[in-house]
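This report concerns only the one structure given below.
The values are calculated or read from the model by the stated rules, or taken from the named source; none is laboratory data. Computed from a prediction, not measured in an experiment: that's the story for all the values here. Cβ sites come from the backbone with ideal geometry, for glycine too, and all protein chains shown count toward neighbours. Note: accessible area is taken over every heavy atom of the protein model, side chains too, but ligands, DNA and RNA are not part of it. Shrake-Rupley method; radii C 1.70, N 1.55, O 1.52, S 1.80 Å.
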Amino acid sequence: TVATVKYSQLSAVHSGYSEYATQCRKLYENCQDDFLKVLRSGKSDGPVCYIIMASNKGMCGNFNADLFCCAENIISEEKRKKELVFCGEKTISYFKNKGYESVMDYVFNDVPKFSEAKSFYEDLRSLISEKEYSSVKIVYPQYVNMVRQYPCEKELFNSQSTNNNDTSDVLFIPDKETVIKESAEKIITSMLYGFILETAIGAQAATVMSMRSAYDTAVEYEEKLEGEINRKRQSRVTADVIETFAEYFREEE
């Protein structure tokens, strides 16, 4: 019931925010080089930062396990120096128990707010400036629908120029430099909030489905057990009746 309520709340937020997040991603992709000029503070030979996002609680089927398996494979395949940021109580406990070290741990609410993403971005920006990362990547559970969430890797930041985007047909008011400068942090923060929101809604959806499956299984076993109990009870009653009649006839004889 709790998971259903939280999923409903997140679903309402996600449906209202998804279009805005999509437009932010499009703007970022179309003007990525310009945004990176504002945000760039890393080195091409610097370490890679992986942000791993999962849920705060268990009881959500393979939701966390699939993500952790995917994240470990990605980390093991990365040959460059790497540093990790853990988001979510389950992420922190799992990787710390496995011997991984992190440079920053973050726990968001089950129904995260935009202010949390803003705070996370500020800490992440400070970390990028301090560590001079060559790239920042996020491993998170991408939300498709209530029954489908799958691990996904996205690159958020890269110190290297990607490509020269042609924005000649785009009208910037008052000018391109001002728009990019004023919107850069908002765009990145909105993208981070999108990842956080997808992780949260995916976790609650997985919990609802897991609990629903457990409930259906419990009902099925209850019916089987009740039928078995009734059969045994009926067998005992029948045996008692037969024994009673047998004793009666012995006495008559």
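Just a few scattered comments:
- Qualifying residue in the range 57-66 (condition: surrounded by fewer than 17 Cβ atoms within 10 Å (Cβ to Cβ) and in contact with a strand residue (DSSP E or B) (Cβ under 8 Å, 6 or more places away or on another chain)): yes
- Residue selected from the range 154-176 under the condition within 28 Å of Ala54 (Cα to Cα) and either surrounded by 12 or more Cβ atoms within 10 Å (Cβ to Cβ) or among the hydrophobic types (A, V, I, L, M, F, W, C) (or both), by the criterion modelled with the lowest pLDDT: Ser159
- Residue in the range 175-182 that is free of Cβ contacts under 8 Å to residues at least 24 places away in the same chain, within 30 Å of Val13 (Cβ to Cβ) and among the charged types (D, E, K, R) present: yes
- For the range 47-54, the count of residues that are open to solvent by 10 Å² or more (accessible area, probe 1.4 Å) and without any contact (Cβ under 8 Å) to a residue 60 or more places away in the chain is zero.
- Scanning the range 215-234 for residues that are aliphatic (A, V, I, L, M) and more than 42 Å from the chain's Cα centre (by Cα) gives a single hit, Ile229.
- Every condition in (1) hydrophobic (A, V, I, L, M, F, W, C); (2) modelled with pLDDT of 85 or more; (3) open to solvent by 10 Å² or more (accessible area, probe 1.4 Å) is met by Ala205 except one, and the failing one is (3).
- In the range 120-146, residue nearest to Tyr7 (Cα to Cα) [restricted to those that are of a type in the set (A, V, I, L, M, F, W, C) and in contact (Cβ under 8 Å) with a residue 40 or more places away in the chain]: Met146
- Single match in Pro141, Pro151 (criterion: closer than 25 Å to Val85 by Cα and surrounded by fewer than 21 Cβ atoms within 10 Å (Cβ to Cβ)): Pro151
- Meets criteria (within 26 Å of Lys186 (Cβ to Cβ), in contact with a His (Cβ under 8 Å, 6 or more places away or on another chain) and of a type in the set (Phe, Trp, Tyr)) for Tyr143: yes
- Every residue from the range 90-116 that is open to solvent by 40 Å² or more (accessible area, probe 1.4 Å) and of a type in the set (Asp, Glu): Glu101, Asp105
- Residue check for Ile180: more than 30 Å from Gly88 (Cα to Cα), modelled with pLDDT under 85 and open to solvent by 100 Å² or more (accessible area, probe 1.4 Å): no
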